[in-house]
1. Once amide H atoms are placed 1.01 Å from N in the peptide plane, what residues at a sequence separation of 5 or more from A:I129, or on another chain, have their amide H within under 5 Å of its amide H?
2. If you fit an axis through the alpha-carbon atoms of helix A:319-329 and take the longest principal axis of the Cα set of chain A, what angle between them do you get, 0 to 90°, nearest 10?
3. Using the Karplus curve 6.51 cos²θ - 1.76 cosθ + 1.60 with θ = phi - 60°, work out ³J(HN,Hα) for each residue of the range A:175-187 in order, rounded to whole Hz, and write x for Gly and Pro.
4. Could you list, in their original order, any pairs among A:K328/B:K209; B:K168/B:K328; A:K70/A:K179; A:K232/B:K417; A:K145/B:K83; A:K328/B:K294 whose Cα atoms are separated by more than 25 Å?
5. Among A:123-129, A:214-220, B:282-288, A:479-485, what's the highest-first ranking by average C-beta atoms within 10 angstrom per residue?
6. With n ≥ 4 as the cut-off for DSSP H runs, can you work out [θ] at 222 nm for the protein assembly as shown, using -39500 (n - 2.57) per run divided by the number of residues, rounded to the nearest 500?
7. Considering every residue in B:408-418, what mean count of other chain Cβ atoms within 10 Å of its Cβ is obtained?
8. Rounded, prolate or oblate: pick one for chain B, where a ≥ b ≥ c are the square roots of the eigenvalues of its C-alpha gyration tensor, a/c under 1.5 means rounded, and failing that, prolate if a/b is larger than b/c, else oblate.
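No value in this document is a laboratory result; all are computed from the given coordinates. The structure displayed is predicted, hence computed values, not measured ones. Cβ: placed from backbone, ideal geometry, glycine included. Neighbour counts: every protein chain shown.
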Amino acid sequence: MKRLDSLEYLRLNKWQRFVYKITLFFVSIPGFFKNVGIKIGLFFKKIGLGIANFFKNIVLYFIHGDWKTKVSYVVMGFGSIARGQWLRGLLFLALEVVFILYIVFFGGQYLAQLGTLGTKAAVIETVVIGGIEVTVTKYYDNSFKILLYGVLSIFFIIAILYTWYLNIKQNHISEQIIKERKKLVSTKDDLRALVDEDFYKTMLSLPAIGITVFTILPIVFMVLVAFTNFDKNHQPPQNLFGWVGLTNFNQLFTWNTGGGASFGGTFGEILLWTLIWAFFATFTNYFLGMMVAMLINKKGIRLKKLWRTILVFSIAIPQFISLLYVSKMFSADGFINGLIMNMGGQRIPFWTNQWYARVTVIIINIWIGIPYLMLITTGILMNIPADLYESAKIDGASPAQQYFKITLPYMLFITGPYLLTSFTGNMNNFNVIFLLTGGGPTDINLYGGAGHTDLLITWLYSLTVDDTNYKLAAVIGILIFIVVALLSTIVYNVIPSTKNEEDFQ
Amino acid sequence: MKKNFMKGSILALSFLALTACGGTSPAASSQAASSGAASSGAASSGASVESSVQSVDPNAINVLVWVAENILDLTKAQLAEVKAELEGMEAFAGKTINYTVNPVGEGEAAGNMITDVESGADIYGFAQDQLARLYSAGALTEITGTLKATIQAENDVSGVNAATFGDKLIAFPMTSDNGYFLYYDKSVLSEEDVDTWEDLIAACEGANKNLAFNASSAWYNFGFFYGGGADSVWTADASGAFTAYDDTYATNGMPGAKGLLKVVTSTAYVDSSNAPTSFESNAAACVSGTWDYKDTKDILGDNIGCAALPDFTVDGETYHTGSFSGNKLIGVKPQTDALKSAVCALTAQKLTNAKGQLERFNLVQWGPSNKVAAADPAVVANPALVALAEQNVNAKPQGQFPGAWWDTAGAIGNSLKDLGAGAADADIQGILDTYNAALEGMLG
């Protein structure tokens, strides 16, 4: 397609411009994905090169190294100690000793069974004590621990491999320095560096270990569970679970199980509702919140602080309490229906009809969300330079034009990233759905007791807590991640905040 | 610009990793984390905590007990007696038995035990619908030998059935009152009004009052299907996996479904089994159990009425509404130490004998499963238990069902309501067929 330059573009009429823009958008889609593909390719190429380099260096350093270096291949830190850098050497050595002890006394047994996740289940025996017969259980392999500590051991091995590489590289560097007849860095220098130019290492070592153990390890664990049969019939410590490959993912694509509710179909419906919910929950709050903020900010409005305080009350009360209360209020025998009935009306099935329930949760969410948005946007609105509006007024812009040409672009620019976080946050908005409807109303046509207002996250909850179906919950967890990651990457690349950084500076 | 883009995407990626994963897994990862943490504590220490405790005092046997909050103090007092009794036994000579009693409700106890058996209680109370899940999670130990014979002889049939899985007795019956019947407000409804659902619905609608029935719960809506001649029977193997079912909802469920349809499409219908809150908010009748008696009595006073469930008429034929009769049970976790296993079994047995059950009835009106306790004059005179006994003529002792069955059968209630009053037979049959098709997937 031919790109028009600005003069040619300006020559088009309104309608042609619109068509041109639309075509441009669609034409640019393949390019966008091509770029993403290229970037991913480059990324893997870089990693591949890094790995190749790693092995090349290991061999080269060994061939060209002196005997101290060669011993260091087996006894970590030997070269460093022999060359007088005893702190580095001792640290390397200590790490090696800890690693060997860990593998021998703890990690090794789990690592060895990681391939099968255990082979011997618990055994129950009967013994007689004081004249009565009682059972005694002997526990053997625990699949849960094997998986958890197996993964931990793999992490440790990767870390030790990297340290081992550092150790021989260190030897290589020292050799070079000695060859050039320069002075090696002494232990004293090392210690000083840790509080000086290497201070970031001192500061970051603890958080890095913490994130690995408490964030990355559980995530890897959860991902791996999706490839096992960990469910109600395979629960440690009494029973074993094992690897099943992609079986759980296959279930996603079983659309029809002979008339009954299918997992794939239910997943599709819940995903769709999750997206619809996230869209409405984010944008209704955003625009209505902004509107309320603008109303209160308007010149001539009195008691501004009072209005803000009243709105903020709904934040001040814990959501847990207010949502449970509201849920009760809208129930079939709640306050609202009582009022309607007393006035001679028909009861409204707020929570038992799927459409009413869906609309009601969105509306109640507006009530909770507006105050937050009002607070956020009030500050930003006051920040918009007043002269922009003044000059717009002089040029004869209507209030609507002012809003769409000045206020909205400015707001979108500032709050773009916020909108993105709030969208992803709403996709995983457990509280509101769980406390208001608990996922209901349930339907015989949905799998595993899912309801019509269930989000993926609340469904995941009921699968784990009510059905002990960890394997499917893990599958859903992975899928939520993929959906959120995809959406966020795309949206992040189109919001003005990241595109036109200079616009409002 | 390019640099900024790269920086941006790196930031975005790390941010994604944080939000997406942070959000994805409150249940899964906290589960993993908590059991991870618990098992890392228990991993090296699970056995060794006990051994280290034992090395401090090799003669101590520490037992953790979870019971509902309203019987906490009573249980503590009962356990003090049991402690003295057991420590006097020859088998436990020289041992000190230490009970720790924590208030954990039945539902919560079952949930906690299933999530993490190792850090759970040794002895805990739970409702019988959780029996199958607890057993397959390895949270219940089998009762054998003389103890088994004693339990089977002392308790009523429904209690023994509730505690039995396959042919194994795996829990101690604690109550036999987990059934439901009709509470009604005598100032609004007469005794004739509660004879049939048709009259009851008409009277409630006429008085502009609510009729509370928890149709979205399989436990309650089963009453209509069972009364109408349908049933669902599940068989399990020794490991706790369900192997077969005999379910007639699809073939014989039509009368029950039509009866249920009348209730759920009434303008008076409210989906609730919480009698106190229902009566506080304009209900004239509510189907619930004995646990609501005290609070409902406080609200309705002398106007409280208790009756067996009304009959319903479909296509000219009248059916008694059925129900589940169920039980609360006490479970013992599998033990690795023989002495402790014996202490736990004997403790559970003494907590659930005639004396223990009667003391519980006197405090919180839990109907006994023990035959001697159930024959006590005070128990026989309780109006709620009288109504329950009347209803129990048409009740089915609640056996074992897969967890998924409760969800699926419960959903029938809402699906029927969505059809609306006067729904075509074919549409109703469609719901029953969908239900039927889901059963196969619950096996295993």
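1. Close amide H contacts, sequence-distant or interchain: A:V134.
2. Between the helix axis and the principal axis of chain A, the angle is about 40 degrees.
3. Values, residue by residue: 4, 4, 4, 5, 4, 7, 6, 9, 8, 6, 5, 8, 4 Hz.
4. The pairs that break the limit, which is 25 Å between Cα atoms, are A:K232/B:K417; A:K145/B:K83.
5. Going by the mean number of other Cβ atoms within 10 Å, highest first, we get B:282-288, A:479-485, A:214-220, A:123-129.
6. Dividing the helical sum by the residues of the protein assembly as shown leaves -19000 deg cm²/dmol.
7. Working: counts 9, 1, 4, 11, 3, 4, 12, 6, 1, 4, 7.
Counting other chains' Cβ atoms within 10 Å and averaging over B:408-418 gives 6.
8. Details: a/c = 1.90, a/b = 1.21, b/c = 1.57.
Judged from the Cα gyration tensor, chain B comes out oblate (a/c at least 1.5, b/c at or above a/b).
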